[in-house]
Amino acid sequence: MTTHQIIVGDSRNLSQIPSASIHLIVTSPPYPMIEMWDALFTAQDPSIGTDLSSGNGEQAFLKMHALLNSVWSECDRVLVENGFLCINIGDATRTLNQNFRMYSNHTQIISFFTRLGYSVLPDILWRKPSNAPNKFMGSGMYPAGAYVTYEHEYILVFRKGGKRIFKGDARSRRQKSAYFWEERNVWFSDLWEINGTSQSISASHGSRSRNASFPFEIPYRLVNMYSVEGDTVLDPFDGMGTTNFACMAANRNSIGSERDPEIAALALNTLSTTPETLNRVISARLTQHRTFISNLSQEEQDRCYPNPYHGFLVKTKQETSIKIDEVASIVREGHTISCQYK
């Protein structure tokens, strides 16, 4: 069984979560210097609004990151030694006082976790394909007046302390949680091309007009890459609960923290789904693997190994222990959802 909880509150104070109880953090925070988040940052530090109004972008930028750093400090407290932290962040471009420039959000975050002593691991570029004909910025065809258009964001990966050691039950859970050979080749590439997701929120919910969610595939990959079944995953900027949903499908526990009670309520309603919804995700993953195996030559298939749990072939011995459990039931009690697995 796994449990999935959404805490309503400011993630600068995660006192409801015990220290060293989280194995993995997967999140996408508000991006400093992106206009849709100005009001949120200003509500926490009114001087940010003053800086923006006066055109002092650099000061506003640093103050926004100071607010994020308070959340990162709480993340450090609750994360276990040897745990991982994955942050989806994009850099920002903005014009203030008629001066166009880039604000490098990802380097600010890297600098903070470097100061905390974290290991900075290879990051991932998430490229969101766009075919918009007017996506380019600047003076069109004339030199020295146009700007490169950003179509990527970063997924930063950090580790707290040294390499995680698995013993006893944790070792068997790790073996059961292995990923497929072909998944490894895609997931551990440094370039992910994944379409974005719908950002709209029903007009009846007036807290904000966009949910700023990342697509399900991103947390689902990261949860499978950097945790094992039974671990607990935190998203301190939970939004619509996409990380929770990924954990439900991946047989991990999860906690989300969301400051907006309306958004939290929407997330809980979304997570209160049917087992069939999650099992479609699991079934698609198994089907993709069967298709991969069927496309191998007979000679290649002859070199594969049987997986006794699912009755198909796998490329490596490490994959013979993979057992992906379907969801049997989903029960909601207040702000907590429980999943039972078959």
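Taken over the range 70-93, the criterion of being buried (at least 17 other Cβ atoms within 10 Å of the Cβ), more than 16 Å from the chain's Cα centre (by Cα) and either polar (S, T, N, Q) or assigned to a strand (DSSP E or B) (or both) is satisfied by VAL80, ALA92.
If the condition is being outside any strand (DSSP E or B) and either touching a helix residue (DSSP H, G or I) at 6+ places or on another chain (Cβ under 8 Å) or among the charged types (D, E, K, R) (or both), then the range 1-27 contributes ASP10, SER11, ARG12, ASN13, LEU14, ILE17, PRO18, SER19, ALA20, SER21. I'd like the full set of residues that are outside any helix (DSSP H, G or I), within 24 Å of PHE214 (Cα to Cα) and either of a type outside the set (A, V, I, L, M, F, W, C) or free of Cβ contacts under 8 Å to residues at least 24 places away in the same chain (or both), limited to the range 161-192. Result: SER177, TYR179, SER189, ASP190. Out of curiosity, is MET225 buried (at least 24 other Cβ atoms within 10 Å of the Cβ) and outside any loop (DSSP other than H, G, I, E, B)? So MET225 does not fit the description; no. If only residues of the range 299-342 that are touching a Pro at 6+ places or on another chain (Cβ under 7 Å) and under 30 Å from ALA267 (Cα atoms) are counted, the one that is surrounded by the most Cβ atoms within 10 Å (Cβ to Cβ) is VAL327.
Residues that are loosely packed, with under 15 Cβ neighbours inside 10 Å, free of Cβ contacts under 8 Å to residues at least 12 places away in the same chain, more than 30 Å from LEU191 (Cβ to Cβ) and out of contact with any strand residue (DSSP E or B) (no Cβ under 9 Å at 6 or more places or on another chain) occur in the range 12-22; there is at least one. Scanning the range 320-336 turns up at least one residue that is hydroxyl-bearing (Ser, Thr, Tyr) and assigned to a strand (DSSP E or B).
A short reminder: the numbers here are calculations on the coordinates, not readings from a lab. Owing to the predicted nature of the structure, the values given are computational and were not obtained by experimental measurement. Cβ atoms come from the backbone with ideal geometry, glycine included; neighbour counts cover every protein chain shown.
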